[in-house]
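In what follows, a structure is listed as structure tokens, so that the remarks can point back to it.
The values are calculated or read from the model by the stated rules, or taken from the named source; none is laboratory data. This one's a predicted model, so the numbers in the text were calculated from it and none came from an experiment. For neighbour counting, all protein chains shown are included, and Cβ atoms are generated from backbone atoms with ideal geometry for every residue, glycine included. These area figures cover heavy atoms from the full protein model, side chains too; ligands, DNA and RNA do not enter into them. Shrake-Rupley method; radii C 1.70, N 1.55, O 1.52, S 1.80 Å.
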Amino acid sequence: MRPHVLKLRARFVIFVLAGVGLVSLAMAALTFFESQEALIESRQEQLFELAQGEAAELGRRLIRVSQATEALANSLEVLPTPTPENLDQLIKRYISSTRRIYGIAVAYAPHAYETDRKLFSPYFHRSPKGIVASCVDSEDYNYPRHDWFLLPTLLGKSLWTEPYFGTGGGIVMATYCTPLIQDGKIKGAVVSDISLQELGRDVDNLSVGRFGYAFLISRQGSFLAAPNPKLVMRETIFSLAEEMQRPDLRLLGQRMIRGGAGVERVKDWHMKEYVWLAFAPVHEVGWSLGVLVPEREVLAPAYALAQRQAIAAAAGLLGLGLVIWLLVMGLTRPLQRVAGAAKRLASGDLSAKVEDVRPGDEVGDLAQSFNTMVDDLNSYVHELTATTAAKERIESELDLARQIQMSILPRTYPAFPEHEGFDLFAKTHPAREVGGDFYDFFFVEGDRLVFVVGDVSGKGVPAALFMTVSRTLIKNAAAHHPDPVEALEEVNAQILPENEMCMFVTVFYGLYEPGTGRLFYASAGHPSPLLRRADGQVEQIPTTGGMAIGVFDKMGLTRGEIVMQPDETLLVFTDGLDEAVNAANQQYGQARAKSWLASTEVTDAPVMIDRLVQEQRAFTGDLEQFDDLTLLVFRRKE
Amino acid sequence: MAAFFCLALAMPAQAQDKVRLQLHWVHQAQFAGFYLAQDAGIYREAGLEVDIVPGGPGIDSLQNLAQGKCHFATGWLSGAMEYRDQGFPLVLMAQLIQRSALLLITFKDHDIDSIKELDGQRVGLWGGHFNIQPRALFKGAGIAVKEIPQNVSMAPLLEQAVSAASGMYYNEYHQLYQAGVDYDELRVFEFSKLGLNFPEDGIYGLESLRRQNPDLCGRFIAASLAGWRLTFEQPDRALEAVMKRVDAAQLASNAGHQRWMLNATQELITHRVGRQGLGQLSPRDFSLVNRVLVDQGLLRKPVALASFYQPPPEKRP
């Protein structure tokens, strides 16, 4: 499996922070857009109110001018042919009465004042030197063709002119002109000028936020006041739209000069950014006042809020990260301790224990379980050590016992060097350390040879002890009763009463007379030995009846007798020979033993035993055998 | 241009002749060719040091010429012919504007679909030579209008104090657009299409100068026309020359308007004659003006073309 790149701790922090970060980002975005909308909405209203309020205020100032002009015209209507001096005084009084009025002219239509005087138009205006007269009734200037005279007299109504450079007043001005009516006829016009520069200052002084500003356009879209003086009186909102190819701006301008009011989001004149533009008409003159604020300024609080939120969120995430870090540290540190302890344990340190882990939670449980496991492991290992020691002791004792057991069996070869008439050797292979098989051979009554092979039921130490007892008893019994049947019955009679363990032993008992070659034998439940004739034929010697020793008091033994010819060999064996099995669970069987015995060419007893054991081991393989194996070979030499 | 360099090479040692050109209106793109001839050094190459004097309300350029206040003047053909008839010794040396730019402008919603419907209505007319064509038109249509003296302002039309007003195609027509009036709100009567195509701007000089110093006249006219050709080739450069003067004179105009005027002027000057035929007077147009002026009683007798139109020998290699 692919290993994790990051530790648990980092993974926790990253995942939780990412999740929380995403959520706060979404929240911030929501807040931002909502606050943006709210800001725009409120700013729109505010801008619109500002535009309307200022437009109305401008209108009020201009109304004072128009009212004063109308009043003068009215007074002239009822004043029949004032003298030039009267006119001058009247004009001066009206100028000084209204602060916003820059100059006033009373312009008579050609020949209307005096028949022989074509042009007559006294004009006074403000100047640093006070109110001074200025000539506008020269032939050159020819006032009757100027808007301020032409329009009121043609239309018979009052109106404001477009701004223009007033030659007489020497400034850029707009003029309120009203027809002068006498006797129901239009005799001329009474006109008042206002200074556009002064008006522009009012507009410029309007505070519209930090980057915002106000501007004023005339009925024809001319800029009357704008922060950029290059626009004033030169450009119209439509000339800008034309130069920048901005149909939207042209439409906006048309809405403005047609008396519209509203709030729009537009690109500014320089096409640099979006602005919010509110506009409202100055009703008195038909001009339009616009106030605009860059969108970035409108949205600045939203951005500031977003910034604050970002900082707060960052701080929060940092704090959260710290908390998670500590939390996960609290989780992983005990885990690391457990892991460390496990590693130490794995490397063989049985004292490895998890220290400093507070119980109560899952990791605590884990640590506790680990510690318990280590304790268990320790006690198990102690037990195991003790057991092993005990076993080792027992094994060494058993080994000793085996040596003792072996040492009580005759192992010398030749067993009786002084007797050359026979060859005798026996060997036992216990399945365990000590075995229940035994053999023995000794002389009784001087020259008769007894040889015994026994097989105690069961195995191991009990069998070995029983075998020791049996062997000793047989040897004792044989000393008194050499006859095979008597000897074995004597042994049975001695063993049976004390045999609480219900153990028994099968015994082949042979009594050989060296001189005659006669062999008397009895078998207490023991398999009959094999006899190899001098010609190589092998047969089992005749079976005699009888039970094993230690079972019943009546054994039913019978005595067998054969005569062994020179060069005949007798093989006495225990069931460890024929009942041994191989991996395929086949018994070695007497048939294989017989045919081996028939075909073997060795004659020496020890060699024969070794070969037979080899032959049998070759058959069984490495399979562990559960029966002791004892072989005794007896050959008559002469 | 090539003509110029050759011209300059032909008389490299000549001292600079000081001449004064009187324009018949304030600085604007209508005169761009003269400005560029000056700014691009064309006049200087021609051995001329030209003082360009702007006109304006109350300035009669041809009168100034007749009074010897300048060497050359621009002016309208009709006016020049009147002065000629009155005995002013001026001659036409180059006819620039071939097509009349004069218009009568009204709003479509005034419901004036034909000239006849102006009968009895107030019509804004400029003074002087500017009212010859309208009056001829009204006379021809058999109507009488209330003539209202018109100034530079289009406010009377916008305020509906008049039913129609005079306007120049290259000036007022576009000024209305820059005042927020869409072109399709307007109805325009073009004199050039109403059988009254009076050639307008031309370059005039005194007959005496023409006779005594044909070389100077030739150089001035050739350089001026070269200035115009360069203007048509490099309109942005010409516009720069225009705006330089407009700004210096603190005129209430803007670059957008001057660009429009420059395009319109090119259209009018190259009308029919193309860039190569710059400065020619069409005898047919001339006889039309003659006929109308006589008809209007503005001329005692028709002006003779040969004595009036005397283009100086051009110094072409």
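Values for this structure:
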quantity: Only listed residue being within 30 Å of A:Met244 (Cβ to Cβ), within 14 Å of chain A (Cβ to nearest Cβ) and in a helix (DSSP H, G or I), chosen from B:Gln266, B:Gln258; calculated: B:Gln258
quantity: Criterion: within 14 Å of chain B (Cβ to nearest Cβ), in contact with a Phe, Trp or Tyr (Cβ under 9 Å, 6 or more places away or on another chain), without any contact (Cβ under 8 Å) to a residue 60 or more places away in the chain and buried (at least 21 other Cβ atoms within 10 Å of the Cβ) - qualifying residue of A:Thr175, A:Thr167; calculated: A:Thr175
quantity: Criterion (touching a helix residue (DSSP H, G or I) at 6+ places or on another chain (Cβ under 7 Å) and assigned by TED's automatic domain parsing to the domain that holds A:His111) met by exactly one of A:Asp183, A:Asp137; calculated: A:Asp137
quantity: Segment B:117-133 - residue that is part of a helix (DSSP H, G or I) and in contact with a helix residue (DSSP H, G or I) (Cβ under 8 Å, 6 or more places away or on another chain) and, of those, nearest to the other protein chains (Cβ to nearest Cβ); calculated: B:Gly128
quantity: Residue that is of a type outside the set (Ser, Thr, Tyr), farther than 18 Å from B:His24 by Cβ, away from chain A (no Cβ under 11 Å) and open to solvent by less than 20 Å² (accessible area, probe 1.4 Å), where the choices are B:Ala164, B:Ala144; calculated: B:Ala164
quantity: From A:Ala214, A:Ala261, residue being surrounded by fewer than 19 Cβ atoms within 10 Å (Cβ to Cβ), more than 14 Å from every other protein chain (Cβ to nearest Cβ) and modelled with pLDDT of 90 or more; calculated: A:Ala261
quantity: Selected residue (criterion: farthest from the other protein chains (Cβ to nearest Cβ)) from residues of segment B:33-65 that are open to solvent by less than 10 Å² (accessible area, probe 1.4 Å) and hydrophobic (A, V, I, L, M, F, W, C); calculated: B:Ala46
quantity: Positions within segment B:223-244 being open to solvent by less than 40 Å² (accessible area, probe 1.4 Å) and either of a type in the set (Val, Ile, Thr) or within 14 Å of another protein chain (Cβ to nearest Cβ) (or both), in sequence order; calculated: B:Thr231, B:Leu239, B:Val242, B:Met243
quantity: Selection from segment B:283-306 of residues that are under 17 Å from B:Leu102 (Cβ atoms) and in a loop (DSSP other than H, G, I, E, B); calculated: B:Gln296, B:Leu298
quantity: Residue match in segment A:529-537 (condition: within 28 Å of A:Met501 (Cβ to Cβ) and charged (D, E, K, R)); calculated: no
quantity: Segment B:25-41: number of residues that are among the small types (Gly, Ala, Ser) and touching a Pro at 6+ places or on another chain (Cβ under 9 Å); calculated: 1
quantity: Meets criteria (in the same structural domain as A:Gly458 (by TED's automatic domain parsing), among the aliphatic types (A, V, I, L, M), surrounded by fewer than 18 Cβ atoms within 10 Å (Cβ to Cβ) and over 60 Å from the mean Cα position of the chain (by Cα)) for A:Met564; calculated: no
quantity: Tally of residues being outside any helix (DSSP H, G or I) and more than 21 Å from B:Pro214 (Cβ to Cβ) across segment B:52-74; calculated: 11
quantity: Some residue of segment A:450-465 being touching a strand residue (DSSP E or B) at 6+ places or on another chain (Cβ under 8 Å) and in a loop (DSSP other than H, G, I, E, B); calculated: yes
quantity: Subset tally (residues that are open to solvent by 20 Å² or more (accessible area, probe 1.4 Å) and more than 9 Å from every other protein chain (Cβ to nearest Cβ)) for segment A:140-152; calculated: 0
quantity: From A:Leu632, A:Leu577, A:Leu612, A:Leu623, residue being in a strand (DSSP E or B) and closer than 22 Å to A:Lys427 by Cα; calculated: A:Leu632
quantity: Subset of segment B:173-208 [within 14 Å of chain A (Cβ to nearest Cβ), surrounded by 22 or more Cβ atoms within 10 Å (Cβ to Cβ) and acidic (Asp, Glu)]; calculated: none
quantity: Residue match in segment A:231-246 (condition: within 60 Å of the chain's Cα centre (by Cα) and open to solvent by 30 Å² or more (accessible area, probe 1.4 Å)); calculated: yes
quantity: Segment A:217-240, residues that are more than 9 Å from chain B (Cβ to nearest Cβ) and among the hydrophobic types (A, V, I, L, M, F, W, C); calculated: A:Ile217, A:Phe223, A:Leu224, A:Ala225, A:Ala226, A:Val232
quantity: Scan of segment B:192-231 for residues that are outside any helix (DSSP H, G or I) and aromatic (Phe, Trp, Tyr), ordered by number; calculated: B:Phe198, B:Tyr204
quantity: Members of segment B:157-191 found to be within 24 Å of the chain's Cα centre (by Cα) and part of a helix (DSSP H, G or I), listed by number; calculated: B:Leu157, B:Glu172, B:Tyr173, B:His174, B:Gln175, B:Leu176, B:Tyr177, B:Gln178, B:Tyr183, B:Phe191
quantity: In segment A:264-284, the residues that are hydrophobic (A, V, I, L, M, F, W, C), open to solvent by 20 Å² or more (accessible area, probe 1.4 Å) and free of Cβ contacts under 8 Å to residues at least 60 places away in the same chain; calculated: A:Trp269, A:Met271
quantity: Members of segment A:323-357 that are closer than 22 Å to A:Arg11 by Cβ, surrounded by 15 or more Cβ atoms within 10 Å (Cβ to Cβ) and among the small types (Gly, Ala, Ser); calculated: A:Ala342
